[in-house]
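Chemist: Next up is a structure, given as C-alpha cells.
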Amino acid sequence: MQDPKEKHRSAQRMVFPPASPHPPELWEQLGWHPSDRQLTLLQGLQQQLRHWNSQLNLTRLVEGNDYWIAQVFDSLWPLLPLLQSEQAGAPLDLIDVGTGGGFPGLAVAIALPHARLTLVDSVGRKVMAVRAMAEALGLEHRVEVRCERVERSGQSRQCRGSFHWALARAVASAPVVAEYLVPLLAPGGRALLYRGQWTDGDQAALEPALNLLRARLERCERLELPAGRGLRHALVLAPEGPCPRQYPRAVGLPSKHPLGGGPTQPSGA
C-alpha cells in the first residue's frame, strides 16, 4: 500500500484536468464575487477534491453543479452577511465540525482570506485528505485539521470558548449539533447550523436544548439553491451566557441522548 505521505507528494506533482466551468450567473445569485485569486483557489479545490475522492470516496458532489452549487454555493450563502461586511477582512477564528471532505471549511477559508479555520473530523483518512488539500492550496498556515471527536474538541483548552463562528453541515439533528457547537463559541460568537428542511417540530425540539446550553435562535434563513438543487435553511445561534461546563457531554452521549429529548437524526438535512 502506498504511504499516505507519498500519496500527498504525488497529488502535488500531478497535472489535473481543468476545473468544471461554474454557472455564469452563480456569483450574482450568491451576492458575492470572488477575486481572481479566490476563483483560482476554488478551481484548485475542485481538482484536489477529484484526486482525493478517487482515492477515498469522500463525496459524490465533485463535478459541475454538484461542486459549484451543492458544495461551494451551499457552503457560502449562509455567511453572506459576513462576506459583505468589514469583518470579511478581519482575522476571525472559525471551526467546521464534521468537515468530511472539507466543506464548508475549505470554501470558507478561501472566501475569508484573513480568517483562521479549524476543521474537525473523527475519520483519520478524511483528515489526511483534507489536510493535504489545504497544503496543496497554500492554506496550511491558517487551516488546522484535527482528528478527534467534537465532544473532545468542546472540552479542550485549545477549542472551548475560542471561536467567532462554529459551523456544522448535515451532521446530526439540531439539538445534537447545538451541543457540539455552542461550547466552542467565544463571547459574542455565533453558531451556524446548515439544514435542509426545517419545521415547527424541529424548532420545538431545539428550544429545550438551547435553554440548557444558555443560547438562543437568533435567526433562521431559507433559500432555494440555484438550478433546482433544493431547499436549504440556515440557523444562527447566539450564546446568552457562558455555556455550562458539563456540555458537550462525553463522546457519544449527545447523539444517543439529545438534550431535551429531541430526535437523533436531522430532519431533511
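Chemist: Take the conditions more than 30 Å from Gly161 (Cβ to Cβ) and either among the charged types (D, E, K, R) or touching a Gly at 6+ places or on another chain (Cβ under 8 Å) (or both) and apply them to Asp96. Does it pass?
Modeler: No.
Chemist: Let me ask something else about it. Among (1) closer than 16 Å to His257 by Cα; (2) in a strand (DSSP E or B), which single condition is Glu207 missing?
Modeler: Every listed condition holds for Glu207 apart from (2).
One line per residue, one yes/no per condition, for (1) surrounded by 16 or more Cβ atoms within 10 Å (Cβ to Cβ); (2) in contact with a strand residue (DSSP E or B) (Cβ under 9 Å, 6 or more places away or on another chain); (3) closer than 15 Å to Val97 by Cβ:
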{"residue": "Val176", "(1), (2), (3)": "yes, no, yes"}
{"residue": "Leu181", "(1), (2), (3)": "yes, yes, yes"}
{"residue": "Ala191", "(1), (2), (3)": "yes, yes, yes"}
{"residue": "Arg214", "(1), (2), (3)": "no, yes, no"}
{"residue": "Leu225", "(1), (2), (3)": "yes, yes, no"}
{"residue": "Leu235", "(1), (2), (3)": "yes, yes, yes"}
{"residue": "Pro239", "(1), (2), (3)": "yes, yes, no"}
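Chemist: Being touching a strand residue (DSSP E or B) at 6+ places or on another chain (Cβ under 8 Å) and over 16 Å from Leu181 (Cα atoms) is the filter; apply it to segment 104-122 and report the residue that is surrounded by the fewest Cβ atoms within 10 Å (Cβ to Cβ).
Modeler: Here the answer is Arg116.
Chemist: Quick one: what pairs do we get from segment 246-269, first residue closer than 10 Å to Ala172 by Cα and modelled with pLDDT under 95, second surrounded by fewer than 15 Cβ atoms within 10 Å (Cβ to Cβ) and not β-branched (Val, Ile, Thr), C-beta under 8 Å, 6+ apart or different chains?
Modeler: That search, which allows pairs on different chains as well, returns Thr264/Lys256; Pro266/Gly196; Ser267/Gly196; Ser267/Gln197; Ser267/Gly201; Ala269/Gly196; Ala269/Gln197.
Chemist: Filter segment 179-203 down to residues that are within 19 Å of Val150 (Cα to Cα), in a helix (DSSP H, G or I) and of a type outside the set (A, V, I, L, M), then give me how many there are.
Modeler: 3
Chemist: Out of the residues in segment 42-97 meeting the condition of being of a type in the set (Asp, Glu) and part of a helix (DSSP H, G or I), tell me which one is surrounded by the fewest Cβ atoms within 10 Å (Cβ to Cβ).
Modeler: Glu86
Chemist: Is segment 243-252 home to any residue that is basic (Lys, Arg) and outside any strand (DSSP E or B)?
Modeler: Yes.
Chemist: For Leu106, are the conditions met, namely being in contact (Cβ under 8 Å) with a residue 12 or more places away in the chain, part of a strand (DSSP E or B) and not basic (Lys, Arg)?
Modeler: Considered against the rule, which asks whether it is in contact (Cβ under 8 Å) with a residue 12 or more places away in the chain, part of a strand (DSSP E or B) and not basic (Lys, Arg), Leu106 comes out as no.
Chemist: Filtering segment 140-171 down to residues that are among the aliphatic types (A, V, I, L, M) and either under 22 Å from Arg245 (Cβ atoms) or without any contact (Cβ under 8 Å) to a residue 40 or more places away in the chain (or both), which residue is surrounded by the most Cβ atoms within 10 Å (Cβ to Cβ)?
Modeler: The extreme case among them is Ala166.
Chemist: Return a yes/no flag: does segment 151-168 have any residue that is more than 16 Å from Pro239 (Cβ to Cβ), among the basic types (Lys, Arg) and assigned to a helix (DSSP H, G or I).
Modeler: yes
Chemist: I'd like the residue in segment 218-233 that is in a strand (DSSP E or B) and in contact with an Asp or Glu (Cβ under 8 Å, 6 or more places away or on another chain) and, out of all such residues, is farthest from Gly64 (Cα to Cα).
Modeler: His233
The values are calculated or read from the model by the stated rules, or taken from the named source; none is laboratory data. Treat the numbers as computed from the prediction; the structure is a model and nothing was measured. Please note: Cβ atoms are built from the backbone with ideal geometry, for glycine as well, and neighbour counts cover all protein chains shown.
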